[in-house]
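The values are calculated or read from the model by the stated rules, or taken from the named source; none is laboratory data. As the structure is a prediction and not an experimental result, all values here were calculated from the model. Positions of Cβ are backbone-derived with ideal geometry, glycine not excepted, and every protein chain shown enters the neighbour counts.
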Amino acid sequence: MMKSFCAAALAAGLLIGASVAIPGQARAEAAIDLSTVLTANPEGGDALAAAIADLITNSSDPVATAEAVLAGLDSATPAQKAAVGKGLGMAASTLGLSNPEHAAKISDLVASAEPSVKDAYASTVSSGESSGEGAPGGTAPTTVVGVNGGTQSSGGTASPN
């Protein structure tokens, strides 16, 4: 009986270790992809915003990817940082449809970002803009989580929590 307990504990430990490695892998992939998209979009803009939104929404761990994106902005230009903020807002809007918890966690991450990222994020979220993925017919979500946890319903106004 003790052998089976030890084997079960070891197997559980290995499974936990494997699940911890995935977010790290998502962070590494995001760092590589971020460098690529920043280089491809030196002026920032909508193409960079869309690439960031796609990177996050298509990730196996959107929150870890958003965290890696924010951590990798040291060498980004002001225009790139604004586009990244917009992309984060688009991703949070899209994720708000299927996983409001992820959208809220991304909002929490953005709340501590620099002002240009926060402003672009807030503007995008308040307009209800999404990447169009994850929603039937590419529609914007009904409820979006804004910076510092405020919410907005499509067609409504933002309301703080």
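Out of curiosity, is S60 in contact with a Leu (Cβ under 8 Å, 6 or more places away or on another chain) and free of Cβ contacts under 8 Å to residues at least 40 places away in the same chain?
So S60 fails the test.
Exactly one of these conditions fails for E43: (1) in a helix (DSSP H, G or I); (2) at pLDDT 90 or above; (3) of a type outside the set (S, T, N, Q); (4) surrounded by fewer than 18 Cβ atoms within 10 Å (Cβ to Cβ). Give me its number.
Every condition holds for E43 apart from (1).
With the structure loaded, tell me whether A120 is on the phi < 0 side of the Ramachandran plot, modelled with pLDDT of 90 or more, touching a Gly at 6+ places or on another chain (Cβ under 8 Å) and buried (at least 23 other Cβ atoms within 10 Å of the Cβ) or whether it fails that test.
yes
Please pick out the residue among L73, L88 that is outside any helix (DSSP H, G or I), modelled with pLDDT of 55 or more, buried (at least 18 other Cβ atoms within 10 Å of the Cβ) and not small (G, A, S).
L73
Would you confirm, using the coordinates I've provided, whether A79 is modelled with pLDDT of 95 or more, assigned to a helix (DSSP H, G or I), surrounded by fewer than 23 Cβ atoms within 10 Å (Cβ to Cβ) and among the small types (G, A, S)?
The answer is yes for A79.
Against the conditions (1) surrounded by 23 or more Cβ atoms within 10 Å (Cβ to Cβ); (2) modelled with pLDDT under 95; (3) under 15 Å from A113 (Cβ atoms), where does E67 fall short? Just the number, please.
Every listed condition holds for E67 apart from (1).
Look through the range 91-101, keep the residues that are in contact (Cβ under 8 Å) with a residue 40 or more places away in the chain and surrounded by fewer than 22 Cβ atoms within 10 Å (Cβ to Cβ), and return whichever of them is farthest from S127 (Cα to Cα).
Among them, the one singled out is P100.
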